[in-house]
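These notes are about the structure you will find just below.
The values are calculated or read from the model by the stated rules, or taken from the named source; none is laboratory data. The structure displayed is predicted, hence computed values, not measured ones. Cβ sites come from the backbone with ideal geometry, for glycine too, and all protein chains shown count toward neighbours.
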Amino acid sequence: MKKKTLKYGYTTGACAAAAAKGASLMLRDQRRVDEVPITLPYGETAVFHLAGQEFSGNGAACYVIKDAGDDPDVTNGAEIHATVTLEQRPPSPTGGEGVNIIIQGGVGIGRITKPGLALQVGEWAINPVPRKMIREEVCGVFTPHPSPLTPHIVITIPNGEELARKTLNARLGIIGGLSILGTTGIVKPISAQAWTDTIEAAIDVALACGCETVVLSTGRTSELAAQNFFRKSFPEEAYIMMGDHVGHALRACARKGVRRITLSAQFAKLLKIACGHEQTHVASSKLDFQLLAGWLEKAPSSSHLTPHALHANSAREVLEVSGNEPGLIALVCIKAEHYARQLTPGLQIQVLLAGYRGEVLYYRCD
C-alpha cells in the first residue's frame, strides 16, 4: 500500500498576517481583495484566500480560515480576523519617519497574566514572530504610500475563548482566548512541536513564578493524583503536563535550571520509562514484559510474579494481578527514577506512582 503524503498547514500567526495584509490592501485601494501572498519567516511564499471582506474609507476587515493540514489542531477551521483602521499618528519621540503600526488583540485572543512567556504580563497573546510578520506585511502595503496616519490592526477569533478551553492556555496564564503563534508559519502534520513548545513555555512560567520543584505528569489522572497528594505544597504553575514527552521535558528542565522534579505517572507509563523509553507513546515504545520478568525473577519478594509478567496482555494486568504488590511497585518506580536521572545527571528526581483510581501507590522523598 502507498503511504499517504501528509499535508502541511499554516499557523495562526501566518493566517493573522495574511488577514492583516488583505485588510490593509482593501483599505488602501478601496477595492475587494480575494487572496494575498505573504512571505513566511524562512523566505517561502504562501497564498491565502480571504473571506468576510468589508471596507470603507475609514477601515477594512477580512478573515482567513485556518487550515492546519493533516495536523490534529484545535484551531483548524478557526476564523482569524483582522480589522485595520488608520489613526492620527502620535508624535515620534525620535522624530523618525516610516510606518509605525499598532497591533492589538480583541475577542477570542488571550492576555498574558503570568511572567515567563515571550510577552510581558498584560499584553495580548500575539507572539513576537507573528507580530513581526504582521508588521512587515502591513508596512509593505503602506510604505510606498506615505501618510500621516498610523495603521491600527486588531486581531480577533470569534470562538477563540471557547477553543482555548481545550488547550493548556489557562495553566500558562493566557486568559480569555487563544494565542497567535508560530515561528515558521507552517504547521507540520502530526507534529509533536506544539506540545513540546507548551512544555517549554510551562517550565519558563514555573521558574518565573519562583517554583524550585516542578511536577511532570504524563496525563490528567496522574496530575490530579499528585495535586491531591501534595495539596498546597506547590503552586499551580509547578504542575506541567508533559504527556508522552518524558525525555524532552526532563532535558528542558535541566537546560532551564529547574532544581527538583517529581515524575508523576501511572504504572504502564512508568514501566516504559523504567525500560528506557524517553517517549512513551504507543507508536514509539512497547512494553517489554521479558525485561520486567527478568527483574522480577531476581527480586526474592516478587519472583512469584514472573509468570504473570511473561503472559500479561498489559502492564495494568500485572499490577492488578499482584494486588498492588509493594515489591513490584518499588522495583519499577526505582528503575524509572534511575533512568530519568541518567537522562539528566545532577537533577533531583522523585517518582510518584498514581493508581488507576486516582490514589498514590508510591512516593519516596530523598
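Of all residue pairs spaced 6 or more apart or on separate chains, those with beta-carbon atoms under 9 Å, a first member in segment 41-52 that is under 15 Å from GLU137 (Cβ atoms) and a second member that is among the aromatic types (Phe, Trp, Tyr) are ALA46/TYR10; PHE48/TYR10; LEU50/TYR63. Looking only at residues in segment 116-159 that are among the small types (Gly, Ala, Ser) and either at positive phi or at pLDDT 95 or above (or both), the one that is surrounded by the most Cβ atoms within 10 Å (Cβ to Cβ) is ALA125.
Close Cβ contacts (under 7 Å, 6 or more residues apart or on different chains) running from residues in segment 23-40 that are more than 12 Å from ALA82 (Cβ to Cβ) and assigned by TED's automatic domain parsing to the domain that holds GLY52 to residues that are among the hydroxyl-bearing types (Ser, Thr, Tyr) and outside any loop (DSSP other than H, G, I, E, B) comprise PRO37/THR45; THR39/THR45.
Note on segment 329-366: among residues that are touching a residue at least 40 places away in the same chain (Cβ under 8 Å) and of a type in the set (Phe, Trp, Tyr), the one that is nearest to ALA293 (Cα to Cα) is TYR339. Output the residue which, of all residues in segment 226-240 that are among the aromatic types (Phe, Trp, Tyr) and crowded, with 18+ Cβ neighbours inside 10 Å, is nearest to TYR362 (Cα to Cα). Restricting to residues being among the aromatic types (Phe, Trp, Tyr) and crowded, with 18+ Cβ neighbours inside 10 Å, the top hit is PHE230.
Restricting attention to segment 30-55, the residues that are outside any loop (DSSP other than H, G, I, E, B), of a type in the set (Val, Ile, Thr) and either surrounded by 14 or more Cβ atoms within 10 Å (Cβ to Cβ) or in contact with a helix residue (DSSP H, G or I) (Cβ under 8 Å, 6 or more places away or on another chain) (or both) total 3. Looking across PRO345, PRO326, one residue alone is under 17 Å from GLU278 (Cα atoms), in the same structural domain as LYS298 (by TED's automatic domain parsing) and at pLDDT below 95. It is PRO345. Residues in segment 277-330 that are surrounded by fewer than 18 Cβ atoms within 10 Å (Cβ to Cβ), of a type in the set (D, E, K, R) and within 33 Å of the chain's Cα centre (by Cα): LYS286, ASP288, ARG316, GLU317. Among the residues of segment 332-366, the one identified as touching a helix residue (DSSP H, G or I) at 6+ places or on another chain (Cβ under 6 Å) and basic (Lys, Arg) is LYS335. Can you find even one residue in segment 195-204 that is of a type in the set (S, T, N, Q), surrounded by fewer than 20 Cβ atoms within 10 Å (Cβ to Cβ) and either farther than 21 Å from ALA315 by Cβ or assigned by TED's automatic domain parsing to the domain that holds GLN279 (or both)? For segment 195-204, residues of a type in the set (S, T, N, Q), surrounded by fewer than 20 Cβ atoms within 10 Å (Cβ to Cβ) and either farther than 21 Å from ALA315 by Cβ or assigned by TED's automatic domain parsing to the domain that holds GLN279 (or both): present.
Here PRO189 fulfils each of the conditions (1) surrounded by fewer than 23 Cβ atoms within 10 Å (Cβ to Cβ); (2) modelled with pLDDT of 90 or more; (3) touching a Gly at 6+ places or on another chain (Cβ under 7 Å) apart from (2). For segment 318-359, the set of residues classified as under 18 Å from VAL215 (Cα atoms) and touching a Phe, Trp or Tyr at 6+ places or on another chain (Cβ under 6 Å) consists of CYS333, LEU352, LEU353, listed by residue number.
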